[in-house]
Amino acid sequence: MSDRNKAALTAANAAITRGDTEGFLAYCAEDILWTTVGEDTLNGKAAVREWMSTGYAEAPSFTVTDLVAERDFVIALGTIESKGDDGKPIQNAYADVWRFRDGLMVELRAFVIPA
């Protein structure tokens with residue numbers, strides 16, 4: 001199951017980098033809980049969709065350095081580049097802890113810091 005979850009996360013991230021929000025959301029459970037530690041928590045797929053419409057208005061790029069899977073969890077470590085409100089690139093390092101249920105992403109705890 002852990003290989004299947006890693007493959008799902010890889011495909012979901014690829015959808016984000018293509019700007020395909022609905023493609024990403026296809027890998028999410030309706031009741032997904034998305035927490036960016038120290039910031040907001042999004043409850044449900046509709047809230048994630050709404051956030052992505054502004055937070056990922058321009059598709060970010062990911063560099064995943066490590067994917068670690070155990071039971072229903074996949075941890076992704078890497079960097080992400082997005083655009084700030086001023087249009088300048090922002091580099092962040094991240095550790096995402098994803099929990100899966102029945103092959104779908106049901107919870108995210110994202111730890112994001114400036115690189």
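Structure data summary
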| quantity | calculated |
| --- | --- |
| Residue check for Tyr56: under 24 Å from Ile113 (Cβ atoms), surrounded by 15 or more Cβ atoms within 10 Å (Cβ to Cβ) and at pLDDT 95 or above | no |
| Boolean, Trp51 is among the aromatic types (Phe, Trp, Tyr), touching a residue at least 12 places away in the same chain (Cβ under 8 Å) and part of a strand (DSSP E or B) | no |
| Flag if Val64 is more than 26 Å from Gly87 (Cβ to Cβ), hydrophobic (A, V, I, L, M, F, W, C) and in contact (Cβ under 8 Å) with a residue 40 or more places away in the chain | no |
| Evaluation of Asp20 against (1) of a type in the set (D, E, K, R); (2) in contact with a helix residue (DSSP H, G or I) (Cβ under 7 Å, 6 or more places away or on another chain); (3) free of Cβ contacts under 8 Å to residues at least 40 places away in the same chain (one fails), failing number | (2) |
| Residue list for segment 24-47, restricted to those being assigned to a loop (DSSP other than H, G, I, E, B) and touching a strand residue (DSSP E or B) at 6+ places or on another chain (Cβ under 7 Å) | Tyr27, Val37, Gly44 |
| Candidate set from segment 76-102 (those that are within 17 Å of Ala57 (Cα to Cα) and outside any strand (DSSP E or B)); member that is nearest to the chain's Cα centre (by Cα) | Gly84 |
| Ala15 being modelled with pLDDT under 95 and in contact with a Gly (Cβ under 8 Å, 6 or more places away or on another chain) | no |
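The values are calculated or read from the model by the stated rules, or taken from the named source; none is laboratory data. Worth saying up front: this structure is predicted, and the values here are computed from it rather than measured. For neighbour counting, all protein chains shown are included, and Cβ atoms are generated from backbone atoms with ideal geometry for every residue, glycine included.
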